[in-house]
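The values are calculated or read from the model by the stated rules, or taken from the named source; none is laboratory data. Because the structure is predicted, anything quoted here is derived from the model rather than measured. A quick note on method: Cβ atoms are made from the backbone with ideal geometry, for glycine too, and the neighbour counts reach across all protein chains shown.
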């Protein structure tokens, strides 16, 4: 029961992180006006860089970067917490319950 609850909590955390990076898909589907997501802002920077590769960075590109830089730190902290705390707790509980090893994890080997 607790493991299921922890899994749902991790799923919610990952969804919040995904929305913070890419925007809320439900709102976008409804054709609501939304501020650009961080991924969209990054696309504007990199897309513009191709057309201005031999010129200085534009003010708009700098502005987009500043917005990304200001918001990304919090998102990265959420991601760290999701992986290093929430996922670790789930993996430890699953292993303690006798769940089989899953790919992507380093097994706790006991000789």
Those residues of the range 53-68 that are surrounded by fewer than 10 Cβ atoms within 10 Å (Cβ to Cβ) and modelled with pLDDT of 85 or more come to a total of 1
Starting from the range 56-68, keep only residues that are closer than 19 Å to residue 20 by Cβ, then list their pairs with residues that are in a helix (DSSP H, G or I) whose Cβ atoms are within a distance under 7 Å, requiring at least 6 positions of separation or different chains. 64/41; 64/44; 64/45; 65/45; 67/41; 68/38; 68/41; 68/42
Based on what the data block shows, is residue 40 surrounded by 10 or more Cβ atoms within 10 Å (Cβ to Cβ), out of contact with any helix residue (DSSP H, G or I) (no Cβ under 7 Å at 6 or more places or on another chain), more than 19 Å from residue 9 (Cβ to Cβ) and at pLDDT 85 or above? yes
So, residue 79, is that one more than 23 Å from residue 43 (Cβ to Cβ) and surrounded by 13 or more Cβ atoms within 10 Å (Cβ to Cβ) or not? no
What number of residues within the range 1-37 are within 18 Å of residue 66 (Cα to Cα) and either surrounded by fewer than 13 Cβ atoms within 10 Å (Cβ to Cβ) or in contact with a helix residue (DSSP H, G or I) (Cβ under 6 Å, 6 or more places away or on another chain) (or both)? 5
Assess whether residue 83 counts as being modelled with pLDDT under 95 and in contact with a helix residue (DSSP H, G or I) (Cβ under 8 Å, 6 or more places away or on another chain). no
Is it the case that the range 96-105 has a residue that's at pLDDT 85 or above, under 19 Å from the mean Cα position of the chain (by Cα) and not in a loop (DSSP other than H, G, I, E, B)? no
